[in-house]
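K.L.:
Handing you this structure, nothing more for now.
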Amino acid sequence: MAPGIYFRLLLVGYFEGIDSERGIAWRAGDSLSIREFVGIPLDEGGPDHTTISRTRRLIDLEAHRQVFAWVLGLLADAGLVKGKRIGIDATTLEANAALRSIVRRDNGESYEEFLTGLAQESGIATPTREDLARVDRKRKKKGSNKEWVNPHDPDARITKMKDGCTHLAHKAEHAVDMDSGAVVAVTLQEADLGDTTTVTETLAEAGTIVAELIEREAETKPLEKPQVNLGGIEEVVADKGYHSGPVLQGMKAAGVRTYIPEKKQAGKRHWVGKEEEQQVVYANRQRLQRPKGKRLLRKRGELIERTFAHCYETGGMRRTHLRKHNNILKRLLVHVAGMNLGLLLRNAYGIGTPRSLQGLSFSLRFFVAMVARAFNSENFQLIVAGVTCRAVVPPYYHPRLCAHFSPSEIQKPTSTPGC
């Protein structure tokens, strides 16, 4: 498969909200418009999911990063990447691995075999499933990632998801431009790592990409006013999970101002021997109390959560169908690049989210009804882009939009075949 076809197929996965490569292959073979977009001739069969999988293995991770950077370059040309203020947050993606398949890291013993051994040590010679459940219920710290691993996906970690359930999962972290909502960098890390640990890699990745955008802009448009901030990343906004003294110190050493709320603590903190850490914590606290800090925190909840909703909810990547970080990150980079393309489309045309055409159905039906009424014919048939309508005014239109119609016209039973 040609690389261009492969990357366009992954973009179809984002815009159609398809999570698996099997679903992408089926959709590309079923839709004529998608076949035209991807570049598959009508006299050829649709792509098979095994072909997509094989092409993904042959194309290395760096090529996927270049595609992501190329899309960011398009956004920078449109003035949608400033790179001065960056918001960072993370979410969990359910792994393609089951908890019942985990084994011990030390001896490869399965979970059921481990419980059977514990039951026999407690005096139960032939334990039943109820006995195993009773033994397991009394144990503490039974889901430790230091002791258990899934042999099919060693990168997956046991963690609690957003809905409170426990699954094997991965951690995706976004660095978002706070001026436009574009995702500047995305990293995939172990789900059991804390935010204060993973933020270093994500911020370094974002800083590298912003520096590359500055260099690209200097080479391609040396005489024009720069769109990307020449000073690089200057401010970082995050939630309270990222607050710690060492993190604030590291960001200050890198020349970055922080806007990170503090966690609630019982009693007062002791700063003996931590004078430098005390200074950065107090400076961060003072910035948060200013109007600018409060405004940035409100904007953080709006822009960053929106990227998660587009990529993993409507975009269909909340559960991964690939295994190991290298494979998942390939798909994730192009998936987030599709979200950035959607931002560019919304800026130019007003649409560009997954399934956004579904939201145009009401406007399309109303437009068809208005044209039909203009012709003043009850039997008028309008065929535009494959849509047929035999109606004056459908009864389910919004009253405010149809205020100029007479009540008899609105209540008249109609039919809209093909709409």
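The values are calculated or read from the model by the stated rules, or taken from the named source; none is laboratory data. If you're wondering where the values come from, they're calculated on a predicted model, not measured in any experiment. All Cβ positions, even for glycine, are placed from backbone atoms using ideal geometry, and neighbour counts span all protein chains on display. Just so you know, the surface numbers come from the protein's heavy atoms only, side chains and all, with ligands and any DNA or RNA stripped out. Shrake-Rupley method; radii C 1.70, N 1.55, O 1.52, S 1.80 Å.
Per-residue answers, yes or no, for (1) over 30 Å from Leu223 (Cβ atoms); (2) open to solvent by less than 40 Å² (accessible area, probe 1.4 Å):
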{"residue": "Ile52", "(1), (2)": "yes, yes"}
{"residue": "Ile59", "(1), (2)": "yes, yes"}
{"residue": "Phe68", "(1), (2)": "no, yes"}
{"residue": "Gly83", "(1), (2)": "no, yes"}
{"residue": "Arg100", "(1), (2)": "yes, no"}
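K.L.:
Okay, moving on. Answer yes or no as to whether Leu168 is modelled with pLDDT under 85, surrounded by 15 or more Cβ atoms within 10 Å (Cβ to Cβ) and not in a loop (DSSP other than H, G, I, E, B).
P.N.:
no
K.L.:
Name the single residue, out of those in the stretch 114-126 being in contact (Cβ under 8 Å) with a residue 12 or more places away in the chain and more than 42 Å from the chain's Cα centre (by Cα), that is surrounded by the fewest Cβ atoms within 10 Å (Cβ to Cβ).
P.N.:
For the stretch 114-126, the residue satisfying everything is Ser122.
K.L.:
Could you list, in sequence order, all residues of the stretch 190-236 that are closer than 30 Å to Arg323 by Cβ, out of contact with any helix residue (DSSP H, G or I) (no Cβ under 7 Å at 6 or more places or on another chain) and of a type in the set (D, E, K, R)?
P.N.:
Glu190, Asp192, Glu201, Glu205
K.L.:
Just the residues that are surrounded by 13 or more Cβ atoms within 10 Å (Cβ to Cβ), within 26 Å of Leu213 (Cβ to Cβ) and not basic (Lys, Arg), please, taken from the stretch 255-291.
P.N.:
Across the stretch 255-291, the qualifying residues are Val256, Thr258, Tyr259, Ile260.
Per-residue answers, yes or no, for (1) open to solvent by 60 Å² or more (accessible area, probe 1.4 Å); (2) in a helix (DSSP H, G or I); (3) not β-branched (Val, Ile, Thr):
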residue: Ala133; (1), (2), (3): no, yes, yes
residue: Lys142; (1), (2), (3): yes, no, yes
residue: Val186; (1), (2), (3): no, no, no
residue: Val199; (1), (2), (3): no, yes, no
residue: Leu203; (1), (2), (3): no, yes, yes
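K.L.:
Can we say Val210 is under 30 Å from Arg269 (Cα atoms), open to solvent by less than 20 Å² (accessible area, probe 1.4 Å) and within 22 Å of the chain's Cα centre (by Cα)?
P.N.:
no
K.L.:
I've got another one for you. Which residue, of Gly352, Gly342, is of a type in the set (Gly, Ala, Ser), modelled with pLDDT of 85 or more and surrounded by 14 or more Cβ atoms within 10 Å (Cβ to Cβ)?
P.N.:
Gly342
K.L.:
Select the helices (runs of 4 or more DSSP H) contained entirely in the stretch 1-113, then report the ones holding at least 3 residues which are of a type in the set (Gly, Ala, Ser), under 23 Å from Thr202 (Cβ atoms) and at pLDDT 90 or above.
P.N.:
61-77
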